[in-house]
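Trainee: Structure provided below as structure tokens; questions to follow.
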Amino acid sequence: MRKQLKLRLLFFSILISLGIYFCAIAQNPQKTIVNGGNYTDTSGKIINAHGGGFLKAGKYYYWIGENRHDQVLVSCYRSTDLINWEFRGDLLTRQSNPELVNANIERPKVIYNEKTKKFVMWMHYEISSDYSYARAAVAVSDDIEKPFKYLKSFRPFGNMSRDCTLFKDTDGTAYFLSAARENYDMMVYKLTDDYLDTKEHLLTLWPGGHREAPALVKRGDYYFMITSGCTGWAPNQAKYAYAKSIRGPWSDLTDIGNSTTFDSQSTYILPIEGNETTSYLYVGDRWDGNHYFNSRYIFLPLTFKGETSVELSWKDSVAPDLKSGRIN
Ligand code: GAL
């Protein structure tokens, strides 16, 4: 009897401690991004935005990425400091369209089209366990926090399309980059003015180079692209290249970070424009291939040296200062 009482007491005290812990997490805004840590949203739940991208809309930064829980495919979070993220909803679910019932959606990215006033999402659409379907897909929404309308999946100019990203240039032209030909080639496509289709196949980058996980940014007169090698969920050495025009010529590939890119794979390069400077955050997925939901993220500052050289070093935690544009 006494033993039962003790057990009950123990059970309730554990419950209460857990409650206090999660309330503390939910109420206390975090001051830094702890790299590789238990990255949780403002309600204390693990953030599910893998292979994701970022964009600024109004006073918020949005983080949109893969969420493979139950019926969900793509989820949306928002933040005013890039540290504390509030879950805002699911943008694509298996119910969004019959084509999505059995699909796997990877690396979703969203950009805003000023002319149509719509948010446009591109992603890798897969229904084959060996990734042989290899298609791009497009969805659209008037509101970044509301469910997107799924439009279609296709192969751009007949090419396979796996790991991908979107890039919107300063003149409003948008580009879709994706790994083609069993990941041998990295394709660069120019999008139509409404961003809903590919208009031109601009380039086949590093043919036979086996690059994936592309992330692209413009700094000064140069475009920089970080890609990974192709080793599935296992991390490998990231490389970067630069060019004065998206149409090229692009430089050769140069190693960046260490041999495992600090146990991560590139997903995005996020510019932080402040009143003192503009900094660039490398965002990578720290995949757990055996337990996908255990995957984490890392955020590291990119250090540019001169116009065409860039480095990535480890930091246990980072604190972006959105006012100055510096990353502490
Ligand atoms: C990686 C790719 C991920 C996912 C994974 C599956 O190479 O970047 O997005 O497709 O393979 O093994």
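Trainee: Just wondering, is there one or more residues in the stretch 265-272 that are among the aromatic types (Phe, Trp, Tyr), surrounded by 20 or more Cβ atoms within 10 Å (Cβ to Cβ), part of a strand (DSSP E or B) and in contact (Cβ under 8 Å) with a residue 60 or more places away in the chain?
Mentor: Within the stretch 265-272, the subset among the aromatic types (Phe, Trp, Tyr) is 268.
Right, trim to surrounded by 20 or more Cβ atoms within 10 Å (Cβ to Cβ) and you get 268.
Those left that are additionally part of a strand (DSSP E or B): 268.
Filter once more, keeping what is in contact (Cβ under 8 Å) with a residue 60 or more places away in the chain: 268.
Within the stretch 265-272, one or more residues are among the aromatic types (Phe, Trp, Tyr), surrounded by 20 or more Cβ atoms within 10 Å (Cβ to Cβ), part of a strand (DSSP E or B) and in contact (Cβ under 8 Å) with a residue 60 or more places away in the chain.
Trainee: Going by the conditions given, is residue 235 at pLDDT 95 or above, crowded, with 18+ Cβ neighbours inside 10 Å and not in a strand (DSSP E or B)?
Mentor: It is true that residue 235 is at pLDDT 95 or above, crowded, with 18+ Cβ neighbours inside 10 Å and not in a strand (DSSP E or B).
Trainee: Of all residues in the stretch 181-222, which are surrounded by 20 or more Cβ atoms within 10 Å (Cβ to Cβ) and without any contact (Cβ under 8 Å) to a residue 40 or more places away in the chain?
Mentor: 185, 187, 189, 191 - these are the residues of the stretch 181-222 that are surrounded by 20 or more Cβ atoms within 10 Å (Cβ to Cβ) and without any contact (Cβ under 8 Å) to a residue 40 or more places away in the chain.
Trainee: With respect to the numbered conditions (1) farther than 21 Å from residue 35 by Cα; (2) in contact with a His (Cβ under 9 Å, 6 or more places away or on another chain); (3) in contact (Cβ under 8 Å) with a residue 40 or more places away in the chain; (4) not aromatic (Phe, Trp, Tyr), which one is the sole condition not fulfilled by residue 229?
Mentor: Against the list (1) farther than 21 Å from residue 35 by Cα; (2) in contact with a His (Cβ under 9 Å, 6 or more places away or on another chain); (3) in contact (Cβ under 8 Å) with a residue 40 or more places away in the chain; (4) not aromatic (Phe, Trp, Tyr), residue 229 comes up short only on (3).
Trainee: Would you confirm whether any residue within the stretch 125-135 is of a type outside the set (Val, Ile, Thr) and either touching a Gly at 6+ places or on another chain (Cβ under 8 Å) or more than 16 Å from the ligand (Cβ to nearest atom) (or both)? Can you show your working first?
Mentor: Residues of the stretch 125-135 of a type outside the set (Val, Ile, Thr): 125-126, 128-135.
Right, trim to either touching a Gly at 6+ places or on another chain (Cβ under 8 Å) or more than 16 Å from the ligand (Cβ to nearest atom) (or both) and you get none.
Among the residues of the stretch 125-135, not one is of a type outside the set (Val, Ile, Thr) and either touching a Gly at 6+ places or on another chain (Cβ under 8 Å) or more than 16 Å from the ligand (Cβ to nearest atom) (or both), which makes the answer no.
Trainee: Go through the stretch 286-301 residue by residue and tally those that are free of Cβ contacts under 8 Å to residues at least 40 places away in the same chain and assigned to a strand (DSSP E or B).
Mentor: Within the stretch 286-301, residues that are free of Cβ contacts under 8 Å to residues at least 40 places away in the same chain and assigned to a strand (DSSP E or B) number 1.
Trainee: Quick one: residue 304 ticks every box in (1) surrounded by 13 or more Cβ atoms within 10 Å (Cβ to Cβ); (2) touching a Ser or Thr at 6+ places or on another chain (Cβ under 9 Å) except a single one, so which number is it?
Mentor: (2)
Trainee: Of everything in the stretch 27-60 that's part of a strand (DSSP E or B) and of a type in the set (A, V, I, L, M, F, W, C), which residue is surrounded by the most Cβ atoms within 10 Å (Cβ to Cβ)? Show your work before the answer.
Mentor: Step one: filter the stretch 27-60 for residues part of a strand (DSSP E or B), giving 33-34, 40, 46, 50-57, 60.
Filter once more, keeping what is of a type in the set (A, V, I, L, M, F, W, C): 33-34, 46, 54-55, 57.
Details: 33: 26, 34: 16, 46: 13, 54: 22, 55: 19, 57: 14.
Ranking the qualifying residues of the stretch 27-60, first place goes to 33.
Trainee: Search the stretch 61-83 for residues being of a type in the set (Ser, Thr, Tyr) and part of a strand (DSSP E or B), and hand back the single one that is surrounded by the fewest Cβ atoms within 10 Å (Cβ to Cβ). Spell out the reasoning first.
Mentor: Within the stretch 61-83, the first condition is being of a type in the set (Ser, Thr, Tyr), and the residues that meet it are 61-62, 75, 77, 79-80.
Still in the running and part of a strand (DSSP E or B): 61-62, 75, 77, 79.
Numbers: 61: 20, 62: 23, 75: 26, 77: 25, 79: 17.
The selected residue is 79.
Trainee: List every residue pair whose Cβ atoms sit under 7 Å apart, with the two residues 6 or more apart in sequence or on different chains, where the first one lies in the stretch 85-111 and is among the hydroxyl-bearing types (Ser, Thr, Tyr) and the second, anywhere, is within 16 Å of the ligand (Cβ to nearest atom) and at pLDDT 95 or above.
Mentor: Listed by first residue and then by second, the contacts come to 93/73.
Trainee: Being modelled with pLDDT of 95 or more, among the charged types (D, E, K, R) and more than 21 Å from residue 188 (Cβ to Cβ) is the requirement here; does residue 115 meet it? If you could, list the steps in order and put the result at the bottom.
Mentor: Values: modelled with pLDDT of 95 or more: yes; among the charged types (D, E, K, R): yes; more than 21 Å from residue 188 (Cβ to Cβ): yes.
So residue 115 fits the description; yes.
Trainee: What tally of residues in the stretch 154-195 results from selecting those that are under 21 Å from the mean Cα position of the chain (by Cα) and within 16 Å of the ligand (Cβ to nearest atom)?
Mentor: Count: 16.
Trainee: Continuing with this model, one more query. For residue 283, are the conditions met, namely being crowded, with 19+ Cβ neighbours inside 10 Å, within 16 Å of the ligand (Cβ to nearest atom), at negative phi and in a strand (DSSP E or B)? If you could, list the steps in order and put the result at the bottom.
Mentor: Working: crowded, with 19+ Cβ neighbours inside 10 Å: yes; within 16 Å of the ligand (Cβ to nearest atom): yes; at negative phi: yes; in a strand (DSSP E or B): yes.
Against the criterion (crowded, with 19+ Cβ neighbours inside 10 Å, within 16 Å of the ligand (Cβ to nearest atom), at negative phi and in a strand (DSSP E or B)), residue 283 qualifies.
The values are calculated or read from the model by the stated rules, or taken from the named source; none is laboratory data. The structure presented is a predicted model; accordingly, all values stated were derived computationally and were not measured. Positions of Cβ are backbone-derived with ideal geometry, glycine not excepted, and every protein chain shown enters the neighbour counts.
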